[in-house]
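Novice: Here it is, the structure in full.
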Amino acid sequence: MSFLKNQWYCAGFGHDLAERPLAVRILDEPIVLYRLPDGRPAALHDRCPHRFAPLSRGKVCGESLQCGYHGLEFGADGSCTSNPWGDHAIPKAARVRSYPLVERDMFLWIWMGDPALAREEEALDLGTFFNRPQHPVVYDSYKLEANYEVVVDNLLDLSHGIYLHGGTLTNGKEGAGKMRVEMKQEGDTVIALHRRDNELPAPFLSKAWGGRTERVNHRSDMHWHPAGNLVHVVGITEIGQPQGRDDGVYLHVAHILTPISERQTHYHWIAARNFALDDAEAGKALHAAIHRAFTQEDEPMIAAVQERMGTTDLMALRPVLLPGDAAALRARRITDQLRKRELDAAPVAPVTFRAAVTPT
């Protein structure tokens, strides 16, 4: 399986990048992140071209990153800026690949494909969700033992919540068979709309509902953007009231997936709430509920699914399909189309022929 290259991927939370270089692995490539003196982030291939030491084991020297093995320094554009040896001449081959990197909405976004195609404005914009001062946020990140598309499948089909998250994020089998699911596509964005009506408030939102016991309508709408970025609107409203993005009690959640390799995924999430705005304990309780649901319920199941699949090619296994699978299958189809488009557009490397040498 080949990864989509010409996409913005999350390289991590911006607050995790401080004075020291940070090593990450994205699309099975080693990357080193560091900050320039003015605070801007930079990204380089994490391998010195001299003896192939990880540059992430070096240190930041002004605008350059110094290799911790023999001292060569490399600037944010990947060119060698200093050679401490001999006549200090810079070897022509002394450069590493640099990557476009953007910091926005708590995230670092890296472009892994052709730099000429990178458009900063196309990095996922979460400002309308998470830059509101009246919306406190909680967040976390995990490393998953599964292909990122398996995780996308999990997030686009939320019918699993009735069984896997019963008692934590849902009221269990009370909603079994009653969930209404609708799939939409807008450009390359897939939207999965989930509705459950006339149920008790979900456990993690019951306190936000002020202890009221009447039944409510639930919404849980997921917007997938290639390759692995999902924006999630979760909320409850009184029966008969509108169920728009900002109605009732709600959470706005970003689920950001970055492939580490074919069978490992970095998962970062942020959740903003419109309730208990000044209650730090409410924030801790919300984080604990989401953390528990994912680490004790989602994560073990996703890893077990990947292990049992034995492959990253879902359709090769000819899975049984249910109504809730429509959005995930559409996302996979779009990913395949984008992957084919990239491969078709990729330049063919020239082939060099060498004459055979006849021994004398």
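Novice: Looking at segment 333-346, I want the residues that are under 22 Å from ASP153 (Cβ atoms) and assigned by TED's automatic domain parsing to the domain that holds ALA316 and have a partner that is modelled with pLDDT of 95 or more and of a type in the set (Asp, Glu) with Cβ atoms under 8 Å, at least 6 apart or on another chain. Which pairs are those?
Specialist: Correct list of pairs: ILE334/ASP188; THR335/GLU149; LEU338/ASP188.
Novice: Would you mention how many residues in segment 223-245 are more than 19 Å from the chain's Cα centre (by Cα) and without any contact (Cβ under 8 Å) to a residue 40 or more places away in the chain?
Specialist: Qualifying residue count, segment 223-245: 9.
Novice: Scan segment 46-66 residue by residue and report those that are in a loop (DSSP other than H, G, I, E, B) and touching a helix residue (DSSP H, G or I) at 6+ places or on another chain (Cβ under 6 Å).
Specialist: ASP46, CYS48
Novice: Right, next: Would you please name the residue that is surrounded by the most Cβ atoms within 10 Å (Cβ to Cβ), looking only at residues in segment 318-348 that are part of a helix (DSSP H, G or I) and of a type in the set (Val, Ile, Thr)?
Specialist: Checked segment 318-348; the qualifying residue surrounded by the most Cβ atoms within 10 Å (Cβ to Cβ) is THR335.
Novice: Right, another one. Looking at LEU144, LEU156, which one is out of contact with any Ser or Thr (no Cβ under 8 Å at 6 or more places or on another chain) and surrounded by 18 or more Cβ atoms within 10 Å (Cβ to Cβ)?
Specialist: Of the residues listed, the single one that is out of contact with any Ser or Thr (no Cβ under 8 Å at 6 or more places or on another chain) and surrounded by 18 or more Cβ atoms within 10 Å (Cβ to Cβ) is LEU156.
Novice: Restrict the check to segment 67-86 and report whether at least one residue is more than 30 Å from THR128 (Cβ to Cβ), surrounded by fewer than 18 Cβ atoms within 10 Å (Cβ to Cβ), modelled with pLDDT under 95 and not aromatic (Phe, Trp, Tyr).
Specialist: yes
Novice: Of these, GLY86, GLY39, GLY71, which one is under 25 Å from the mean Cα position of the chain (by Cα), farther than 26 Å from ALA227 by Cα and in a loop (DSSP other than H, G, I, E, B)?
Specialist: Residue meeting the stated conditions: GLY39.
Novice: Please work out which one of (1) modelled with pLDDT of 95 or more; (2) in contact with a His (Cβ under 8 Å, 6 or more places away or on another chain); (3) among the hydrophobic types (A, V, I, L, M, F, W, C) is the condition PHE129 fails and give its number.
Specialist: (1)
Novice: Taking segment 195-207 as the search range and keeping residues that are surrounded by fewer than 22 Cβ atoms within 10 Å (Cβ to Cβ) and not basic (Lys, Arg), which one is farthest from the chain's Cα centre (by Cα)?
Specialist: For segment 195-207, the residue satisfying everything is ASN198.
Novice: Within segment 125-132, identify whether any single residue is touching a residue at least 40 places away in the same chain (Cβ under 8 Å) and within 23 Å of LEU27 (Cβ to Cβ), and answer yes or no.
Specialist: Checking segment 125-132: at least one residue is touching a residue at least 40 places away in the same chain (Cβ under 8 Å) and within 23 Å of LEU27 (Cβ to Cβ).
Every residue, every condition in (1) touching a Leu at 6+ places or on another chain (Cβ under 9 Å); (2) closer than 22 Å to ALA276 by Cβ; (3) modelled with pLDDT under 80, yes or no:
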| site | (1), (2), (3) |
| --- | --- |
| ASN171 | yes, yes, yes |
| GLN185 | no, no, no |
| VAL190 | yes, no, no |
| HIS194 | yes, no, no |
| TRP209 | no, yes, yes |
| VAL216 | yes, yes, no |
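Novice: While we're on this one: So which residues in segment 1-47 are basic (Lys, Arg) and over 24 Å from ALA146 (Cα atoms)?
Specialist: Matches in segment 1-47: ARG20, ARG35, ARG40, ARG47.
Novice: Ok, one more. So which of CYS10, CYS48 is without any contact (Cβ under 8 Å) to a residue 60 or more places away in the chain and crowded, with 17+ Cβ neighbours inside 10 Å?
Specialist: Within the list CYS10, CYS48, the selection yields CYS48.
Novice: While we're here: Regarding ASP114, is this residue of a type in the set (Asp, Glu) and closer than 23 Å to PHE52 by Cβ?
Specialist: no
Novice: Looking only at residues in segment 211-243 that are among the small types (Gly, Ala, Ser) and touching a strand residue (DSSP E or B) at 6+ places or on another chain (Cβ under 9 Å), which one is nearest to TYR267 (Cα to Cα)?
Specialist: GLY228
The values are calculated or read from the model by the stated rules, or taken from the named source; none is laboratory data. Keep in mind that this is a model prediction, so the values were computed, not measured. Because the Cβ atoms are built from the backbone with ideal geometry, glycine has one as well, and the counts that use them run over all protein chains shown.
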